[in-house]
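The values are calculated or read from the model by the stated rules, or taken from the named source; none is laboratory data. All values reported here derive from a predicted model rather than from experimental measurement. We place every Cβ from the backbone using ideal geometry, glycine too, and count neighbours over all the protein chains shown. These area figures cover heavy atoms from the full protein model, side chains too; ligands, DNA and RNA do not enter into them. Shrake-Rupley method; radii C 1.70, N 1.55, O 1.52, S 1.80 Å.
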Amino acid sequence: MHYIFEHKEDCAVVSPVLAKAIGLNEAIILQKLNDLMEHKKNDSRYFKEGSIWINQSVSELCERYFPYMSLSTVKRAITRLKKQNLIKIKRFYSEEAKNNTNWYSLNHEAIENMIVIENKTTELEESFVLGKGQNEPITDELLIRELEEIEI
């Protein structure tokens, strides 16, 4: 095994159903926010308004956790997550940062409602399981020929 695969803590693991529902970048960021909140769940400084919150600037998130994404990509993904009501963003004073940094929390109810409704498989999950829902069909003749030439 190559050593690069041994660093599991640096791996971005994401649910295919979640990625299909909200987009890959959004799913990666949502998963990382969830992971960060799990690490803070026993620290009362991060418990506010009945939820666990984490505080970091978008540039810190990008540099530390998403170096493979541009800052604008991370900003767009966070904006989409907020518009979809999957995350909450507020400003609380932070002793650590000595400023009013953005704080992020997950809207667990919205996330659950988006994927599973009353413990039934959603249409999204059915299409994923059945192999439907391809992003878009291949229509470029040259690309089709190139793919046919690849040995499997």
For this session: Check off (1) in contact (Cβ under 8 Å) with a residue 24 or more places away in the chain; (2) surrounded by fewer than 17 Cβ atoms within 10 Å (Cβ to Cβ); (3) of a type in the set (S, T, N, Q) for residue 70 and give me the number that stays unchecked.
Result: (1)
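Results for (1) modelled with pLDDT of 90 or more; (2) under 15 Å from residue 40 (Cβ atoms); (3) buried (at least 17 other Cβ atoms within 10 Å of the Cβ), shown as yes or no for each residue.
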residue	(1), (2), (3)
51	no, yes, no
54	no, yes, yes
66	yes, no, yes
107	yes, no, yes
Exercise. Can we say residue 28 is more than 19 Å from residue 101 (Cβ to Cβ) and surrounded by 14 or more Cβ atoms within 10 Å (Cβ to Cβ)?
Worked result: yes
For this session: Mind listing just one residue for me: the one in region 31-41 that is touching a residue at least 40 places away in the same chain (Cβ under 8 Å) and open to solvent by 10 Å² or more (accessible area, probe 1.4 Å) and, of those, farthest from residue 109 (Cα to Cα)?
Result: 37
For this session: Return the pairs, sorted by first residue and then second, in which the second residue is assigned to a loop (DSSP other than H, G, I, E, B) and surrounded by 19 or more Cβ atoms within 10 Å (Cβ to Cβ), the first residue lies in region 11-23 and is without any contact (Cβ under 8 Å) to a residue 24 or more places away in the chain and of a type in the set (Gly, Ala, Ser), the beta carbons are less than 9 Å apart, and the residues are 6+ apart or on different chains.
Result: 12/66
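Which residue is farthest from residue 33 (Cα to Cα), if the candidates are limited to region 73-91 and must be open to solvent by 100 Å² or more (accessible area, probe 1.4 Å) and touching a strand residue (DSSP E or B) at 6+ places or on another chain (Cβ under 8 Å)?
Among those that are open to solvent by 100 Å² or more (accessible area, probe 1.4 Å) and touching a strand residue (DSSP E or B) at 6+ places or on another chain (Cβ under 8 Å), it is 91.
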Seminar exercise, completed: Condition set under 13 Å from the mean Cα position of the chain (by Cα) and not in a helix (DSSP H, G or I), scope region 30-74, selection nearest to residue 89 (Cα to Cα): answer is 66
